[in-house]
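Scroll down for the structure; my scribbles are underneath it.
The values are calculated or read from the model by the stated rules, or taken from the named source; none is laboratory data. Quick caveat: nothing in here was measured; it's all calculated off a predicted structure. Methodologically, a virtual Cβ is constructed for each residue, glycine included, from the backbone with ideal geometry; neighbour enumeration extends over all protein chains shown.
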Amino acid sequence: MKLSKESAVEHAKTDLAGRLSKTADEISIKSVKDEEFRDMSLGATATGEVAAQMISYGWRIVLAADGKEYEYRGDKYQLRLVGFNGQNHLVIG
């Protein structure tokens, strides 16, 4: 699946809504920015994963629900949730 910035945001909203037992309409978009990341895991390596050490370009997506912010990182090939319950998660990839 190839992602665009817009589809990455929609997937992130759907994923977060599922994790929080909410609807996607209850998730707000705080910011979406183009970003340069330090490795191929977008600087959000999941447990047990190894990432190639080369600069990759994608998006930093910050969503909010119930007064708390959640960070996703994506590019055209993957979407990751950063630091959710203390761990990074590969959502799409």
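Identify all residues within region 12-40 that are at negative phi, modelled with pLDDT of 95 or more and among the small types (Gly, Ala, Ser); write none if there are none.
Hits for region 12-40 are Ala12, Ala17, Gly18, Ser28, Ser31.
Yes/no per residue for (1) without any contact (Cβ under 8 Å) to a residue 60 or more places away in the chain; (2) of a type in the set (Ser, Thr, Tyr); (3) in a strand (DSSP E or B); (4) closer than 12 Å to Leu79 by Cβ:
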| site | (1), (2), (3), (4) |
| --- | --- |
| Glu6 | yes, no, no, no |
| Ala12 | no, no, no, yes |
| Lys22 | yes, no, no, no |
| Val32 | yes, no, yes, no |
| Glu36 | yes, no, yes, no |
| Met40 | yes, no, no, no |
| Gly58 | yes, no, yes, yes |
| Ile61 | yes, no, yes, yes |
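Search region 17-48 for residues being of a type in the set (D, E, K, R) and exposed (fewer than 13 other Cβ atoms within 10 Å of the Cβ), and hand back the single one that is farthest from the chain's Cα centre (by Cα). If you could, list the steps in order and put the result at the bottom.
Narrowing region 17-48 to residues of a type in the set (D, E, K, R): 19, 22, 25-26, 30, 33-36, 38-39.
Narrowing the set further to residues that are exposed (fewer than 13 other Cβ atoms within 10 Å of the Cβ) leaves 25, 30, 33-34, 36, 38.
Details: Asp25: 18, Lys30: 13, Lys33: 12, Asp34: 13, Glu36: 14, Arg38: 15 Å.
The extreme case among them is Asp25.
Which condition number in (1) in contact with a Ser or Thr (Cβ under 9 Å, 6 or more places away or on another chain); (2) part of a loop (DSSP other than H, G, I, E, B) is the one that Thr47 fails?
Going through the list (1) in contact with a Ser or Thr (Cβ under 9 Å, 6 or more places away or on another chain); (2) part of a loop (DSSP other than H, G, I, E, B), Thr47 breaks only (1).
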